[in-house]
Amino acid sequence: YKGAGVAKRTNIARAGAMIDGTIIPAGSEFSFLASSNFADTDFVEGYGIINGQLAKIVGGGLCQVSTTLFRTASNGGFEITQRVPHTFVVTTYEDILGFDATVLDPTVDFRFRNDSANILLLVVRNNPAESSITMELWGVPDGRTVTYDGPYVTNVTKPGLPIWQYDNTLRRGTTRQLVSGRGGMNVSYMRKVFAADGHLLHDDTYLTNYA
């Protein structure tokens, strides 16, 4: 999260600490929202996408945490039970298009199931000096392997007209640009998970329609 402002850094640190050390029993489902407490006063206002526009919300920016967790669970080969992509292409997650997960209390959640035979321990390491957050799922290896195909991009569109909003915090006659216009696209990213004996455990297509 290099270049992130104070608000986003604060919310990333708080959300990461909140889910660090979570134990996920075999067969159980992890819910990002159920494992968090967004009424906590340590969260601050940051930017998020609300009704298709950038707006200030409490906890804005913590999708960095949910996206990192989604990638961790996906790379670990676990069953993804709920994943909602961002409305627009977000530069932070553009390294792999269609591989992000947003959350918004109380309706938009990220969930995955520990479909292994043993418990998992979620370990989160936040390094503000390096502007990085790292996640690991500790458990008993069962030999599963993960392969990806894509991402494949189709139906690329140009960005629309700029959206202007009044901001009473700015000096009269001045403007400030929050983001650059981004085109839309459809993205498909395929994942297959194989058990140690070679049989297919999961065959997923992560579909994302960026506006």
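The values are calculated or read from the model by the stated rules, or taken from the named source; none is laboratory data. Since the structure is predicted, the reported quantities are computational estimates derived from the model, not experimental observations. Glycine gets a Cβ as well: all are built from the backbone with ideal geometry, and neighbour counts include every protein chain shown. To get the accessible areas, we keep the full protein, side chains included, count just its heavy atoms, and leave off ligands, DNA and RNA. Shrake-Rupley method; radii C 1.70, N 1.55, O 1.52, S 1.80 Å.
Structure data summary
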| quantity | calculated |
| --- | --- |
| Residue match in the range 182-199 (condition: touching a residue at least 60 places away in the same chain (Cβ under 8 Å), open to solvent by 90 Å² or more (accessible area, probe 1.4 Å), over 28 Å from residue 22 (Cα atoms) and not hydroxyl-bearing (Ser, Thr, Tyr)) | no |
| Tally of residues being within 18 Å of residue 101 (Cα to Cα), open to solvent by less than 40 Å² (accessible area, probe 1.4 Å) and in a strand (DSSP E or B) across the range 1-39 | 2 |
| Listing of strands (runs of 3 or more DSSP E) fully contained in the range 76-168 that carry 2 or more residues being of a type outside the set (Ser, Thr, Tyr) and under 16 Å from the mean Cα position of the chain (by Cα) | 79-82, 111-113, 120-127, 132-138 |
| Residues of the range 98-120 satisfying the condition of being modelled with pLDDT of 95 or more, hydrophobic (A, V, I, L, M, F, W, C) and open to solvent by less than 50 Å² (accessible area, probe 1.4 Å) | 99, 101, 110, 112, 120 |
| Candidates 65, 89, 84, 108 - the one that is of a type in the set (A, V, I, L, M, F, W, C), in contact with a helix residue (DSSP H, G or I) (Cβ under 8 Å, 6 or more places away or on another chain) and closer than 26 Å to residue 2 by Cα | 65 |
| Hits in the range 62-89 (condition: open to solvent by less than 40 Å² (accessible area, probe 1.4 Å) and aliphatic (A, V, I, L, M)) | 62, 65, 69, 73, 80, 89 |
| Residue that is modelled with pLDDT under 95 and part of a loop (DSSP other than H, G, I, E, B), where the choices are 183, 198 | 183 |
| Test for residue 75: is it closer than 30 Å to residue 199 by Cβ, touching a Gly at 6+ places or on another chain (Cβ under 7 Å) and touching a residue at least 40 places away in the same chain (Cβ under 8 Å) | no |
